[in-house]
Amino acid sequence: MAKKINITINGVVYEANSGETILEAARNAGINIPTLCYHKDLCVAGNCRVCIVEIAGQSRLAASCATPCHENMEVYTNTLKVRTARKHIIELLLSEHNADCTRCYKNGNCELQNLAAEYKIMSEDLIPLAAYKNYSIDMFSPSIIKDDSRCIRCQRCVRTCSELQGVNALTVAYKGDQMKISTFFEKSMNEIVCTNCGQCVIHCPTGALIEKNYIEEVWEAIADPDKHVVVQTAPAVRIGLGEELGLQPGTRVTGKMVAALKSLGFDSVLDTDFTADLTIMEEGSELLNRLKKVLVDKDDNFKLPMFTSCSPGWIKYIEHMYPDMLQHLSSCKSPQQMFGALAKTYYAKARKLDPEKIVSVSVMPCTAKKFEANRPEMHDSGFRDVDLVITTRELAIMIKQAGIDFPKLNELKYDRIMGVSTGASVIFGATGGVMEAALRTAYELVTGREIPFENLDITPVRGMKGVREASVIIDNPLAEWKFLDGVEIKCAVAHGLINAKKVVEAVKNKDAEYHFIEIMACPGGCLGGGGQPIPTNSEIRDKRAQAIYEEDANLPIRKSHENTEIIKIYNEFLEKPLGERSHHLLHTFYVERKRH
Amino acid sequence: MTREYNLKRADFIFRNENDWEHILSRTLKKDRRELINELISSELKGRGGAGFPTGLKWKLTSESEAPQKYVICNADEGEPGTFKDREILMKVPFKVLTAMAICAYITGANNGFIYLRGEYKFLQHDLQKAIDEFIYYCNDINFKFSIDIFMGSGAYICGEETALMESMEGFRGEPRNKPPFPTGQGYNRMPTVINNVETLAHTYTIFKHGAKKFYDLGVQFSRGTKLFSVSGDTPKPGIYELELGMSLSDFVNDFGDGDTKAVQVGGASGFLVPRKKFSETNIGYKGKLTGISLPTGGSMMLFNSTRSMYNVLDNYLEFFREESCGQCTPCRVGCQQLHMGIKAVKQGQKPASYLEKLLKLTETMQYTAKCGLGQSVANSFSSIVENFREEMIY
């Protein structure tokens, strides 16, 4: 327990924990101090100076986010001196900022705009500086747009890229009036070691870093009578979307989301969960195959541990940073890309559609998925497998544009085929979910019995610890898997690329022995993805995770191999996991990328 | 005979004494606490410009518990118009090295660093030779200590102690949030004494001659002597060791060219004093007894009537605009606004009253900037604009 101290804020004595900052103590006491560079996920920077407060006995104002409380400290958050200074600072930021708000993608969801509105900055006294700088907008990345003219240099993106992701794609360049957030040799975002994870986007307070949106392209496809537009929704979208549409974090909106998508005019509303289950079948089989090749056949061409491959940010990361480890990656495509390949083959055939006329749209909690869909090898259906990728936020914008009263919608069910979900696929949205789903299925395939965890909840792989480990001992397997008898299958789960790095290094240095490792690029997994509602922070991630596990618990089928549509597709189309059709449509390869 | 001025010259720093080995071995035998008390009683304050009591700094560091402690000599002499540290390191490096070793002895540090300004690269060779000789002697008397030179890369902001440490650790030279202060968490987050070159040289004098000798010089609150870097419109530019507490009119009488219009005390981050205020201005740290007291890192720039104060200010602001690290809003944007603002007034694009808006802005910079750089831009700005308003407008 932290020591309790007394602190006086605006004349009232409050109890605070020793070691807390003034900002934390004030917010706990219900007193709001505005901030810009502060973010709960990140270390304290103290550079925007918006959160300044007056401390009795000090002539200078203190940044409350960076100043620890002391016993009997007397703090004032709203004196004339504080207000004047804060107003000046907001004015200064606005003078440097391209404050053309009506033409900004973040109009209405911008922390600087909110502050300007709160402090009623009406004067145009200061010289607009943005006009004097040669800003250009970096639009080369398929995922992220970087507009320096809207940057307030709070360095939240820099800290995100370094502290949460360990990628350091964004960094501070130059000093003084030239200081800006830039990349390696000021290259554009598509030419650098950027994983497109979009964590910088959800941590940016303004419109300086935004996703590349494909809203108009989707509207055009819907409006085209010749096109059959299918949409797939990722597991984490259904527990995040509500936040953008006036509902509390952690609200499950699956049925309403389906209703909204139908109302928007999509011809068929399908579920990425279906291909998540398919991923489990393929990836689980691949793992068992690798175990056999390595443990029994001693085949050097197969490597353990096997890493999951669902997270495109993680894929690009390993391609850049550890190209020598690519053989450890599962060859399975991500659920989005499996869906794309099947939409224009299996689905087209079943629905008697010309695949050329199908537009395949996906709604993802992710910006890296935009890059993934754009990869040149993702054309196994004979066409571009996934045509357009929009984020949870973009879908919310479309729903608002269509004038839909989202909270009042009646819940609807997904269309068929490729619309059946299981608890196993829903938890793909949370860190540890792929692992849990894979273990539920693989254990049963090998032993013929359910995995021995209460209610199938494999709790060791759940939670928000950066790296988690679990192991399962295979006991009395079926005849085919006799070589696994008594083998302890060791697993690890990591989320956030900074944690991924730890695990990869441990594997590389042989400090840890695992068989199967799940890695998600974003903190919390997809539920905290770069395409999710803003704000996203640890509290909100916890609520979304809770919603995901509720959804799992409430679904009638909770194991991928029991998904009726999965059984059907193997019977009618794919024949068996790792079969020839699977190999062609559902598996992929990786490329080595440069580090600079 | 010329009139006797109130300027008291002194000669401690550059006196060639060549007795450092004796002073070092003698001091290292003394009790640490006594040495700290000696230093505290001298009332020596930091000579870099900020004026923090040196004895207290060493005491706080010695009381911090940590597996590792450091002593850093700040030789990133970047304040415009200051050039005294260079001379100290060229002429009497052993005094500084001895002081660093004594500081290490007192505080429990094992490693010392000299953060040498990038532009002083030419000093590195000779200084390294001196260090080698010094460390050889330390080994001889069985005192474990190392001193390394760390070359700066030319950023003014790296003279700020925490930015300096960030730079030494391999990061961008950006000042840290304070607290924590370096005495508790400095270089590598370990307790660190960081002193200006001249401060260290003064401690040598104190440990050699005793605190009383030092204390008896200067005036109340501003004890001892100080090196002044005199430049500008003066017939005798150079470095002078003077007792603190002198009045600015005496200084101008001695160093001026007879036409001194104003003196910039303390470099670009200091204050400009116009002629009418020379007599009421004293050079020293803030105290209760003296009139206006202006501290300085030693830079004294004299301007005569041929100088445009607008140009002087324009020059300072351009300097700050470039040399701000750029991380905090008031400093990064504030400097740009001030610089462009005075130009807009001069060119008639903004009314004269805009100067008042800018003055208020500098007040905010002073209260809210993260480090001394942004906080002190207000000094030169307000003192020039308020005293030479006409020159700013027409």
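The values are calculated or read from the model by the stated rules, or taken from the named source; none is laboratory data. Remember, predicted model here, so these are calculated numbers, not experimental data. So basically every Cβ, Gly included, is an ideal-geometry build from the backbone, and we count neighbours across all protein chains shown.
Results, tabulated for the structure shown:
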| item | result |
| --- | --- |
| Boolean, A:Ile89 is within 14 Å of another protein chain (Cβ to nearest Cβ), surrounded by 17 or more Cβ atoms within 10 Å (Cβ to Cβ), more than 30 Å from A:Glu211 (Cβ to Cβ) and more than 27 Å from the chain's Cα centre (by Cα) | no |
| Qualifying residue in the range B:297-318 (condition: surrounded by 23 or more Cβ atoms within 10 Å (Cβ to Cβ), within 12 Å of chain A (Cβ to nearest Cβ) and touching a helix residue (DSSP H, G or I) at 6+ places or on another chain (Cβ under 8 Å)) | yes |
| Any hit, the range A:201-214, residues being under 23 Å from the mean Cα position of the chain (by Cα), modelled with pLDDT of 95 or more, outside the structural domain of A:Thr367 (by TED's automatic domain parsing) and over 23 Å from A:Gly108 (Cα atoms) | no |
| Selected residue [in a helix (DSSP H, G or I) and either within 13 Å of chain B (Cβ to nearest Cβ) or without any contact (Cβ under 8 Å) to a residue 40 or more places away in the chain (or both)] from A:Ser95, A:Ser123, A:Ser59 | A:Ser95 |
| Some residue of the range B:110-118 being out of contact with any Leu (no Cβ under 9 Å at 6 or more places or on another chain), farther than 21 Å from B:Pro180 by Cβ and not in a loop (DSSP other than H, G, I, E, B) | yes |
| In the range A:110-120, residue nearest to A:Arg393 (Cα to Cα) [restricted to those that are part of a loop (DSSP other than H, G, I, E, B) and more than 14 Å from every other protein chain (Cβ to nearest Cβ)] | A:Cys110 |
| Whichever residue in the range A:98-109 is polar (S, T, N, Q) and part of a loop (DSSP other than H, G, I, E, B) and, among such residues, is nearest to B:Lys343 (Cα to Cα) | A:Asn98 |
| Options A:Asn107, A:Asn47, A:Asn72, A:Asn78: the member that is under 20 Å from A:Gly207 (Cβ atoms) and more than 9 Å from chain B (Cβ to nearest Cβ) | A:Asn107 |
| Candidate set: the range A:559-596, residues that are assigned by TED's automatic domain parsing to the domain that holds A:His328 and more than 23 Å from A:Ser309 (Cβ to Cβ); chosen: the one surrounded by the most Cβ atoms within 10 Å (Cβ to Cβ) | A:Glu562 |
| Hits in the range B:20-48 (condition: over 21 Å from B:Ile141 (Cα atoms) and among the small types (Gly, Ala, Ser)) | B:Ser41, B:Ser42, B:Gly46, B:Gly48 |
| B:Lys346 facing chain A (nearest Cβ under 9 Å), over 22 Å from the mean Cα position of the chain (by Cα) and over 30 Å from B:Gly46 (Cα atoms) | no |
| Test result for B:Ile131, within 26 Å of B:Asp11 (Cα to Cα), modelled with pLDDT of 95 or more and assigned to a strand (DSSP E or B) | no |
| Pair list, Cβ < 8 Å and 6+ apart or interchain, from the range B:140-169 residues that are outside the structural domain of B:Cys325 (by TED's automatic domain parsing) to residues that are hydroxyl-bearing (Ser, Thr, Tyr) and at pLDDT below 95 | B:Ser167/B:Ser153 |
| Strands (runs of 3 or more DSSP E) wholly inside the range A:142-184 that include at least 3 residues being away from chain B (no Cβ under 14 Å) and over 20 Å from A:Val44 (Cα atoms) | A:144-147 |
| Candidate set from the range B:92-102 (those that are in a helix (DSSP H, G or I) and within 19 Å of the chain's Cα centre (by Cα)); member that is surrounded by the fewest Cβ atoms within 10 Å (Cβ to Cβ) | B:Pro93 |
| The range B:349-394: number of residues that are more than 30 Å from the chain's Cα centre (by Cα), within 8 Å of chain A (Cβ to nearest Cβ) and of a type in the set (Val, Ile, Thr) | 0 |
| Subset of the range B:176-201 (residues that are in a helix (DSSP H, G or I) and touching a helix residue (DSSP H, G or I) at 6+ places or on another chain (Cβ under 7 Å)) | B:Tyr187, B:Val197, B:Glu198, B:Thr199, B:Leu200, B:Ala201 |
| The range A:385-403: number of residues that are outside any helix (DSSP H, G or I) and either buried (at least 17 other Cβ atoms within 10 Å of the Cβ) or hydroxyl-bearing (Ser, Thr, Tyr) (or both) | 7 |
| Any hit, the range A:26-48, residues being farther than 26 Å from A:Gln199 by Cβ, touching a residue at least 40 places away in the same chain (Cβ under 8 Å), part of a loop (DSSP other than H, G, I, E, B) and among the β-branched types (Val, Ile, Thr) | yes |
| From the options A:Glu216, A:Glu220, A:Glu186, residue that is under 25 Å from A:Glu319 (Cα atoms), free of Cβ contacts under 8 Å to residues at least 60 places away in the same chain and not small (Gly, Ala, Ser) | A:Glu186 |
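Conditions (1) over 28 Å from B:Glu133 (Cβ atoms); (2) assigned to a helix (DSSP H, G or I); (3) in contact with a helix residue (DSSP H, G or I) (Cβ under 6 Å, 6 or more places away or on another chain); (4) in the same structural domain as B:Thr205 (by TED's automatic domain parsing), marked per residue:
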{"position": "B:Leu7", "(1), (2), (3), (4)": "yes, no, yes, no"}
{"position": "B:Ile13", "(1), (2), (3), (4)": "no, no, yes, no"}
{"position": "B:Arg33", "(1), (2), (3), (4)": "yes, yes, no, yes"}
{"position": "B:Gly49", "(1), (2), (3), (4)": "yes, no, no, yes"}
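This table checks each residue for (1) crowded, with 16+ Cβ neighbours inside 10 Å; (2) among the hydrophobic types (A, V, I, L, M, F, W, C); (3) free of Cβ contacts under 8 Å to residues at least 60 places away in the same chain; (4) more than 25 Å from B:Cys158 (Cα to Cα).
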| site | (1), (2), (3), (4) |
| --- | --- |
| B:Trp20 | yes, yes, no, yes |
| B:Ser25 | no, no, no, yes |
| B:Glu43 | yes, no, no, yes |
| B:Ile88 | yes, yes, no, no |
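Here's the yes/no breakdown for (1) more than 23 Å from B:Asp85 (Cα to Cα); (2) more than 22 Å from the chain's Cα centre (by Cα):
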{"position": "B:Leu244", "(1), (2)": "no, no"}
{"position": "B:Asn253", "(1), (2)": "yes, yes"}
{"position": "B:Val263", "(1), (2)": "no, no"}
{"position": "B:Pro274", "(1), (2)": "yes, yes"}
{"position": "B:Ile283", "(1), (2)": "no, no"}
{"position": "B:Met300", "(1), (2)": "no, no"}
{"position": "B:Ser308", "(1), (2)": "yes, yes"}
{"position": "B:Leu313", "(1), (2)": "yes, no"}
